[in-house]
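Since the structure comes first, as structure tokens, the remarks are kept for the end.
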């Protein structure tokens, strides 16, 4: 997994293949300190993401809430059809930004 | 080996795919990928694969996250069955379990938790959560996509499918054989429900069948005692060594008996190598206890009994399916036990009713069919039976010189015994005509004769014996603890209760009875009665009492002129007082009137 910060303060996470009960705590510990007040966007590249479970979705909601304090947002880039289906089912597509 | 692992091993040859994972979150990924790959080989579309992967991950995560203590040492089992129309997965956990909610709502979009059950529910067609002691099974079902048959399988896939089908066939055959055996037994028992079957025979057959089907080596059945205070052994199998098992008081220290613990906790208790029976547990002497389960059973929330199955093999605990069979069989047994109890109660009620009928027949046969004439006196008598037949009777016997012996008595007791003693008293008195004109001596002699028998059965008799002498216009009486003789003579404002009473018959063997002579001049009236008259009660529970009875008798004597009218007046007024309240005791009277 890579975590890169852009000059505008946004963060981009790439290379993550799963976000589940077994690794979401570690993921949150890694990302959360980087969500400064200047950070308006956290982009998670889902092109390599094979699996997210309910703990993973909970972690994304947690990060989204942290971003929303400063009008920031969470963007999921290229989610798989399965991930899109799950997001729709959980109505999370209403709060996360999905890009093709 | 724990129950869950054994259950999985027992079913190993019956599932299409079975795996066990360590009870650790890091093991979930590999397990769900194994299932996913297996389903992918069968041609399941990507979205379905993703759905099953997510559902199984949620189930396995819960099995790991909510386990407590040593149960985390036990693996989580996942079984997947590729059915003709649907896919079924079973996830066995060792948590304390929980009640699957009737409705699973989606949490607020901002909530960070609570989506797991919603995903499981949304991505499956059917969900069951079966709770057992020590293990729980989450059963998940979802229909197979309809277009799967369009996929052209490779030779390898066909061979794999054939192998799976053969395994499934073996699985189904074994399950069918087991189910057939169980169903036949259950149908047989259902046909017997309500029949007049001997409970012990029924229980013995049921437990033997259950032992065979569940591969148990022993069984113990205890039922709650009639007073509800202890568990009494009904059956011990295979040999009925019931004598080795004494009744256990329900208030026994629970450390001493697994059966009592199960009854108190109202849930199954497993025992085996990990939780052995206490050294003093009565089950130890009764059955193989390498492994076993104590199952308390209830009807209408009341404890009915405890059924225990045991196996000698410590490495072979009962599987969840076998425990389900235990529950089903014992449910039948509980119904039969309740039926047997109701049958017993009905039989007792029938016997009691028949006994009362017999007693009533005896009692009626004792009463005079015709009242002898005794001018210038006339008499009228009445006997009204309460619901429970008592021991009242009266008799009127010619004494040979125109006088009559009048007897009114009340045997203390109900039913046939009281009626029989009334018959004995009647015969005893009738056998002594030489004493008819000496009522006190007659009573004393009758007491001496009857005393041994009455004492033996702890009964006694109150009686009033009187000789009505038409020549002397007198009534000569003796009273053995009975209601007093009431007499009204013309000119009296109120009738009087006359005569000194002594002990009832059957109390002391040598009792002496005072004798009283009472004038019955023209117009006079007398009443011999039993306490059913003076103790008449109304709806408010108030008792009439002797004083009011005397008033009513006085009115009868002054307001009527013949004995039939007087008797009718008395009974009508008693009925008015009772006001349709059922009689609680027999009412018997002899009304005497001296014609003007």
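The values are calculated or read from the model by the stated rules, or taken from the named source; none is laboratory data. Keep in mind it's a predicted model, so treat the numbers as computed, not measured. Methodologically, a virtual Cβ is constructed for each residue, glycine included, from the backbone with ideal geometry; neighbour enumeration extends over all protein chains shown.
Considering only the stretch B:34-51, state which residues are over 17 Å from residue B:120 (Cα atoms) and at the interface with chain A (Cβ under 10 Å from one of its Cβ atoms).
B:46
Can you pull out the residues in the stretch A:2-49 that are more than 20 Å from residue A:85 (Cβ to Cβ), in a loop (DSSP other than H, G, I, E, B), more than 14 Å from every other protein chain (Cβ to nearest Cβ) and out of contact with any helix residue (DSSP H, G or I) (no Cβ under 8 Å at 6 or more places or on another chain)?
Correct list: A:6, A:7, A:8, A:9, A:10, A:15, A:36, A:37, A:38.
Taking the stretch B:62-95 as the region of interest, how many residues are surrounded by 21 or more Cβ atoms within 10 Å (Cβ to Cβ) and outside any loop (DSSP other than H, G, I, E, B)?
14
For the stretch B:445-493, enumerate the residues that are in a loop (DSSP other than H, G, I, E, B) and within 46 Å of the chain's Cα centre (by Cα).
Those that are in a loop (DSSP other than H, G, I, E, B) and within 46 Å of the chain's Cα centre (by Cα): B:457, B:458, B:459, B:460, B:482, B:483, B:484.
Taking the residues in the stretch A:50-74 that are more than 10 Å from chain B (Cβ to nearest Cβ) and surrounded by fewer than 17 Cβ atoms within 10 Å (Cβ to Cβ) as candidates, determine which candidate is nearest to residue B:47 (Cα to Cα).
Top of the filtered list is A:73.
Check whether at least one residue in the stretch B:416-430 is closer than 30 Å to residue B:596 by Cα and touching a helix residue (DSSP H, G or I) at 6+ places or on another chain (Cβ under 7 Å), and report yes or no.
Taking every residue of the stretch B:416-430 in turn, none turns out to be closer than 30 Å to residue B:596 by Cα and touching a helix residue (DSSP H, G or I) at 6+ places or on another chain (Cβ under 7 Å).
Could you name every one of the helices (runs of 4 or more DSSP H) located completely within the stretch B:495-596 that has at least 2 residues being free of Cβ contacts under 8 Å to residues at least 24 places away in the same chain and surrounded by 14 or more Cβ atoms within 10 Å (Cβ to Cβ)?
Where helices (runs of 4 or more DSSP H) fall fully within the stretch B:495-596 and carry at least 2 residues being free of Cβ contacts under 8 Å to residues at least 24 places away in the same chain and surrounded by 14 or more Cβ atoms within 10 Å (Cβ to Cβ), they are B:545-559, B:563-578.
Hey, could you check the stretch A:84-100 for residues that are within 13 Å of the chain's Cα centre (by Cα) and more than 17 Å from residue B:117 (Cα to Cα) and say which is surrounded by the most Cβ atoms within 10 Å (Cβ to Cβ)?
Filtering the stretch A:84-100 for residues that are within 13 Å of the chain's Cα centre (by Cα) and more than 17 Å from residue B:117 (Cα to Cα), the one surrounded by the most Cβ atoms within 10 Å (Cβ to Cβ) comes out as A:96.
Consider the stretch B:23-32. How many of its residues are under 15 Å from residue A:51 (Cβ atoms) and surrounded by fewer than 15 Cβ atoms within 10 Å (Cβ to Cβ)?
Adding up the residues that qualify gives 2.
Yes or no: residue B:54 surrounded by fewer than 21 Cβ atoms within 10 Å (Cβ to Cβ) and within 10 Å of chain A (Cβ to nearest Cβ)?
So residue B:54 does not fit the description; no.
Just to check your reading of the model, which residue among B:98, B:128, B:118 is free of Cβ contacts under 8 Å to residues at least 40 places away in the same chain and assigned to a helix (DSSP H, G or I)?
B:118 is the lone residue from the list that is free of Cβ contacts under 8 Å to residues at least 40 places away in the same chain and assigned to a helix (DSSP H, G or I).
Can you tell me which condition residue B:106 does not meet? The list is (1) more than 10 Å from every other protein chain (Cβ to nearest Cβ); (2) over 17 Å from residue B:38 (Cα atoms); (3) surrounded by fewer than 17 Cβ atoms within 10 Å (Cβ to Cβ), and all the others hold.
Every condition holds for residue B:106 apart from (1).
If we scan the stretch B:15-25, do we find a residue that is more than 14 Å from chain A (Cβ to nearest Cβ), closer than 26 Å to residue B:290 by Cβ, modelled with pLDDT of 90 or more and in contact with a helix residue (DSSP H, G or I) (Cβ under 8 Å, 6 or more places away or on another chain)?
Within the stretch B:15-25, one or more residues are more than 14 Å from chain A (Cβ to nearest Cβ), closer than 26 Å to residue B:290 by Cβ, modelled with pLDDT of 90 or more and in contact with a helix residue (DSSP H, G or I) (Cβ under 8 Å, 6 or more places away or on another chain).
Checking the structure you have, find out if any residue of the stretch B:546-558 is in contact with a strand residue (DSSP E or B) (Cβ under 6 Å, 6 or more places away or on another chain) and farther than 24 Å from residue B:493 by Cβ.
No: zero hits.
Can you tell me which residue is farthest from residue A:11 (Cα to Cα) among those in the stretch A:50-83 that are assigned to a helix (DSSP H, G or I) and touching a strand residue (DSSP E or B) at 6+ places or on another chain (Cβ under 7 Å)?
A:83
Would you mind listing the strands (runs of 3 or more DSSP E) fully within the stretch B:359-433 where at least 2 residues are closer than 19 Å to residue B:583 by Cβ and free of Cβ contacts under 8 Å to residues at least 24 places away in the same chain?
none
Could you tell me which of the residues B:60, B:30 is farther than 26 Å from residue B:146 by Cβ, within 14 Å of chain A (Cβ to nearest Cβ) and touching a residue at least 12 places away in the same chain (Cβ under 8 Å)?
B:60
Can you name the condition, by its number, that residue B:144 falls short on among (1) surrounded by fewer than 17 Cβ atoms within 10 Å (Cβ to Cβ); (2) over 29 Å from residue B:74 (Cα atoms); (3) modelled with pLDDT of 75 or more?
(1)
Residue-by-condition table, conditions (1) modelled with pLDDT of 90 or more; (2) within 26 Å of residue B:594 (Cα to Cα); (3) surrounded by fewer than 19 Cβ atoms within 10 Å (Cβ to Cβ):
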site: B:362; (1), (2), (3): no, no, yes
site: B:375; (1), (2), (3): yes, yes, yes
site: B:379; (1), (2), (3): yes, yes, no
site: B:384; (1), (2), (3): no, yes, yes
site: B:390; (1), (2), (3): no, no, no
site: B:399; (1), (2), (3): no, yes, yes
site: B:408; (1), (2), (3): yes, yes, no
site: B:434; (1), (2), (3): yes, yes, yes
site: B:447; (1), (2), (3): yes, no, no
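Conditions first: (1) in a loop (DSSP other than H, G, I, E, B); (2) within 44 Å of the chain's Cα centre (by Cα). Residue B:44 passes all but one, so which condition is the exception?
Every condition holds for residue B:44 apart from (2).
Considering only residues that are within 8 Å of another protein chain (Cβ to nearest Cβ), free of Cβ contacts under 8 Å to residues at least 12 places away in the same chain and over 18 Å from residue B:49 (Cβ atoms), which ones fall in the stretch A:80-99?
Of everything in the stretch A:80-99, those that are within 8 Å of another protein chain (Cβ to nearest Cβ), free of Cβ contacts under 8 Å to residues at least 12 places away in the same chain and over 18 Å from residue B:49 (Cβ atoms) turn out to be A:91, A:94.
Please specify each residue of the stretch B:109-145 satisfying the condition of being under 29 Å from residue B:295 (Cα atoms) and either out of contact with any strand residue (DSSP E or B) (no Cβ under 8 Å at 6 or more places or on another chain) or within 9 Å of chain A (Cβ to nearest Cβ) (or both).
The answer is B:131, B:132.
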